[in-house]
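The values are calculated or read from the model by the stated rules, or taken from the named source; none is laboratory data. Remember, predicted model here, so these are calculated numbers, not experimental data. All Cβ positions, even for glycine, are placed from backbone atoms using ideal geometry, and neighbour counts span all protein chains on display. Keep in mind that these areas ignore ligands, DNA and RNA; they rest on the heavy atoms of the full protein, side chains included. Shrake-Rupley method; radii C 1.70, N 1.55, O 1.52, S 1.80 Å.
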Amino acid sequence: MKALERDVVIVGGGHNGLVCAAYLARAGLDVLVLERREILGGAAATEEPWPGYRISSASYVVSLLPQRIVEELRLKRHGYEVSIITPDYFVPFPDGTSLTLWGDVARDAAGIARFSRKDAEAYVEFDRYFDRVAGLLKDLLFVVPPNLRIRELPRWLRTAGRMRRWSGRDLHEVVRLFTMSAADFLDEWFEDERVKGALATQAVIGAWCGPMTPGSAYVLMHHWIGEVDGHPGAWGWVRGGMGSVSAAIARAAEAAGAEIRTGAEVVRVATGASGRALGVELADGSTVRARRVVSSAHPVTTYLDLVGEERLPSQVVRDVKRYRTRSGSVKVNAALSELPEFPSWDQEGDVHRGLVAVSPSIEYLERAWDDAKYGRPSEHPYVEVVFPTAHEPTGLAPEGKHVMLAFTQYGPYQLREGTWDEERERYGRRVIETLWAYAPNLAGAVEQIEVLAPKDIEERFGLIGGNIMQGELTPDQLFSFRPIPGYGDYRSPVAGLYLCGSGTHPGGGVMGVPGLNAARVVLRDHRLGRLAERVRGRP
């Protein structure tokens, strides 16, 4: 029988909340997860918008989930099965040519050589450079960021110790990546616009910026640090869709003793006279008492809605209100009668098992961004698509049918003219037309379409502004400053309340690292609290 007071209650059953629950339960804590929706996973969910179709409605590929978490939580034993998406990118161009990147340096350089021999030679060094810098940044993934306080100097020294293999040149390169644009960065390496366009795709994913915006080079790096089954930089399709990732983590948490409830909406963090978190209040009027509360919800939601301005220091309220969480991401999901055919595909293998991107040049991406920053959906959007049924022929769609998942940019959260109720159909049609230019049979193959604008993403998944990272990845919102200065270590100004979502270090993507790091902090505080209780002789 569960105790009247839990050790930990976790608000939100997104993948980070579930990872946090699994690690805490494995450490022997009594953990309860409360999820407002009827399905788990947050944005890593599999849903059925049309009868017979199972769609990864928001996130759709995996790469940033570290092998450490996969192994420590034994996710494969709990049903996690992933296949590598290959090629990494197939990028068709308006002139009928195309560039295919396989994640194999020699093969990719040979493909680039068709456009520029100089770029092909530069690509080998470019790949080596990114491997080096990505390795350095990986050293910081599992670090609990120290806050900017004198008493935390020892933690800063320990963090510096993890960077002992960094040279002065390494530090300079990291600073450059954090502050320069992807366009300037790629211009240093390459000359052909098609090559730069193909490589710039990951610089804008989920970001409220264009490739010429300062700081976009880091967004490119953020997506470079992933791996799938030991393959650096690879993307993977998870069998059953992204909901299977969350399901595997949930099973790992339950196997360790955690309890998970769906359809349980938390509306308030309960606090005592001293201001300490004592549990949570639910929408049904009930209260769950807990020694500690962990929120995987968006930082803005956690602070302003679940806690409330009146219970927070004024500087914290100010910092939270200026936390930037804008987005231009629009997810377009489609049911197809047949897979599209790409006449410019000139490689061996199946293009449908890879990722297809419409990104012919940096200028193309920047013009798409130009529309959005003035409140208009992109006339010519960036579009990347995967075809899950090419990886999983049965179980995702009726026999003979197919699924296409498109991540697109840009669609502003707030339109200058009209509303998304008026714009959704037009934008969806524009995405199909963009792909149709490279796959002539696609227009007649689309049988169903679902368009999730930033407002839809916010309402369904709780991602404020539709930002898939739970907040923009900019230097002032990273590491010790994420989500706000003074509270980058997963703790909050409310004693006993912690954050563990993508709005904390190291940021967004289906990663799980924020959940793991937060669990370490909670467990440390829990053990220190128990020790203090024994010293005092009372709970």
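Note on exposure: Phe178, Phe461, Phe90 ranked by accessible area (1.4 Å probe, complete protein assembly) read Phe178, Phe461, Phe90, with the most exposed listed first.
Taking 0.36 nm per residue of separation and subtracting the Cα-Cα distance, full extension of the segment from Asp370 to Asp284 would add 26.4 nm.
Note that the stretch 301-431, at 25 °C in a medium of 0.890 mPa s, gets a Stokes-Einstein diffusion coefficient of 138 µm²/s from its Kirkwood radius over C-alpha pairs. A 1.4 Å probe, protein heavy atoms only, puts the accessible area of Asp305 near 90 Å². Heavy-atom accessible area, probed at 1.4 angstrom with all protein chains present, ranks Tyr498, Tyr374 as Tyr374, Tyr498, highest first. The reciprocal of the average 1/r between distinct C-alpha atoms defines the Kirkwood hydrodynamic radius, which for the chain equals 23.8 Å. Computed over Cα pairs, the Kirkwood radius of the stretch 431-485 leads via Stokes-Einstein (1.306 mPa s, 10 °C) to a diffusion coefficient of 113 µm² per second.
When all protein chains stay in place, what accessible area (Å², nearest 10, 1.4 Å probe) is found for Asp95? Accessible area of Asp95: about 100 Å².
What would the Debye equation give as log₁₀ I(q)/I(0) for the stretch 377-505 at q = 0.18, 0.19 Å⁻¹, counting only Cα atoms as equal point scatterers? For the stretch 377-505, the Cα-only Debye profile gives -1.04, -1.09. Dipole size of the chain about its Cα centre, with +1 on Lys/Arg Cβ and -1 on Asp/Glu Cβ: approximately 3220 debye, rounded to the nearest 20. Above 16 Å, the calculated P(r) of the stretch 30-143 contains 77 percent of its Cα-Cα pairs. Placing dummy labels 7 Å off each Cα toward the beta-carbon, the span from Lys138 to Arg176 is 2.2 nm.
What's the Kirkwood radius of the stretch 154-241 in Å, using all Cα pairs?
Every distinct Cα pair counted, the radius reaches 14.9 Å.
For Leu523, the solvent-accessible surface with a 1.4 Å probe is about 30 Å², rounded to the nearest 10.
Cα centroids of the stretch 121-194 and the stretch 68-87: how far apart, whole angstrom? So the separation of the two Cα centres works out to 27 Å.
Exceeding 30 Å between C-alpha atoms, which entries from my cross-link table qualify? They are Lys76/Lys196; Lys373/Lys401; Lys118/Lys331; Lys331/Lys401; Lys196/Lys401.
Lys76/Lys196; Lys373/Lys401; Lys118/Lys331; Lys196/Lys401
Ordered from highest to lowest accessible area with the whole protein assembly present and a 1.4 Å probe, Thr419, Thr394 read as Thr394, Thr419. Antiparallel beta bridges, as assigned by DSSP with both residues in the chain, represent about 70 percent of the total such bridges. So what's the back-of-envelope 222 nm ellipticity for the chain, counting only DSSP H runs of four-plus at -39500 (n - 2.57) apiece and dividing by all residues, rounded to 500? Result for the chain: -10000 deg cm²/dmol, rounded to the nearest 500. Across the stretch 247-336, Cα-Cα pairs farther apart than 16 Å form 68% of the total. Pairs of alpha carbons in the stretch 1-50 separated by more than 15 Å make up 49% of all such pairs.
Go ahead and collect, in residue order, the members of the stretch 436-456 whose backbone nitrogen is under 12 Å from a label point 7 Å along the Cα-Cβ direction of Ser337. Backbone N within reach: 442-448.
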